[in-house]
1. Residue by residue through region 8-56, note down the ones that are over 22 Å from Arg87 (Cβ atoms), open to solvent by 30 Å² or more (accessible area, probe 1.4 Å), in contact (Cβ under 8 Å) with a residue 24 or more places away in the chain and part of a helix (DSSP H, G or I).
2. Looking only at region 119-130, decide whether some residue is touching a His at 6+ places or on another chain (Cβ under 7 Å), more than 22 Å from Trp21 (Cβ to Cβ) and part of a helix (DSSP H, G or I).
3. Being among the hydroxyl-bearing types (Ser, Thr, Tyr) and either in contact with a strand residue (DSSP E or B) (Cβ under 6 Å, 6 or more places away or on another chain) or within 13 Å of Phe10 (Cα to Cα) (or both) is the filter here; which residues of region 30-81 pass it?
4. Only residues that are surrounded by 15 or more Cβ atoms within 10 Å (Cβ to Cβ) and free of Cβ contacts under 8 Å to residues at least 40 places away in the same chain: list them for region 68-91, please.
5. Within the bounds of region 49-58, is there any residue that is of a type in the set (Phe, Trp, Tyr) and over 14 Å from Ile149 (Cα atoms)?
6. What's the number of the condition Asp47 fails, among (1) at pLDDT 85 or above; (2) within 19 Å of Ile158 (Cβ to Cβ); (3) not basic (Lys, Arg)?
7. Just to be sure I understand, how many residues within region 41-79 are of a type outside the set (A, V, I, L, M), under 21 Å from the mean Cα position of the chain (by Cα) and over 20 Å from Ala102 (Cα atoms)?
8. Out of all the residues in region 54-71, is one or more closer than 16 Å to Gly140 by Cβ and among the β-branched types (Val, Ile, Thr)?
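The values are calculated or read from the model by the stated rules, or taken from the named source; none is laboratory data. Since this is a predicted model, take the numbers as computed values, not measurements. Here the Cβ is made from the backbone with ideal geometry for all residues, glycine too, and neighbour counts use every protein chain on show. What goes into the accessible areas is simple: the full protein's heavy atoms, side chains included, and nothing from ligands, DNA or RNA. Shrake-Rupley method; radii C 1.70, N 1.55, O 1.52, S 1.80 Å.
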Amino acid sequence: LVAMRRPWQFGIMLPVGSNWWRLLPLAILCGLAGGMQVPDKTAFLVDPGMAWMMALVLIPLSLELLFRSLVHGMMAQLATIQDCQSRWFVSGPAIGSALIYAVIIGIQMTMMSGNPLSTLSSSAMIRHVVVAFVFGIAAGMIRERSHSIIPVWLFHAIAVATMLFANGTIQ
């Protein structure tokens, strides 16, 4: 109900402006750094179509709806955020939603591992959490400047595709 009264606050509208495209290189760098959430490599061997659907559509869209729409939108109720015409800055809701996103990615990675204690201090875990935080800040800025989660979902899918190309998942 709140989102229908203020759709821009929760990113439930078509994108506005175009200067958010400036953050595309950062999304590509996050993809090259690795650490984006994707299905396991075996999913690409068993059912490549479903694995690609999950990697490029379902996982990015669900993460962006949760973190950049709901979490960011709730935090933006009482904070100053960017607009497509405003100066560039990192808002509190962008930092907050990125931090929660990174923590959840870290928890998910720990819970899915066979040995949670060794995972907590692994370099892969640190890389995943740092990439999630950096991507989360960029995604929050894109969401604010476009007033929509559509560009964020697109950039998330581009980052995932970049990571899969760089890791050799695509032959």
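1. Residues satisfying the conditions are Ile28, Leu32, Ala33, Lys41, Leu56.
2. First pass over region 119-130, keeping only residues touching a His at 6+ places or on another chain (Cβ under 7 Å): none.
No, because not a single residue in region 119-130 is touching a His at 6+ places or on another chain (Cβ under 7 Å), more than 22 Å from Trp21 (Cβ to Cβ) and part of a helix (DSSP H, G or I).
3. From region 30-81, those among the hydroxyl-bearing types (Ser, Thr, Tyr) are 42, 62, 69, 80; that's our starting set.
Within region 30-81, just Ser69 meets the criteria.
4. Across region 68-91, the qualifying residues are Val71, Met74, Met75.
5. Yes, region 49-58 contains a residue that is of a type in the set (Phe, Trp, Tyr) and over 14 Å from Ile149 (Cα atoms).
6. Evaluating Asp47 over (1) at pLDDT 85 or above; (2) within 19 Å of Ile158 (Cβ to Cβ); (3) not basic (Lys, Arg) leaves (2) as the failure.
7. 3
8. Yes, region 54-71 contains a residue that is closer than 16 Å to Gly140 by Cβ and among the β-branched types (Val, Ile, Thr).
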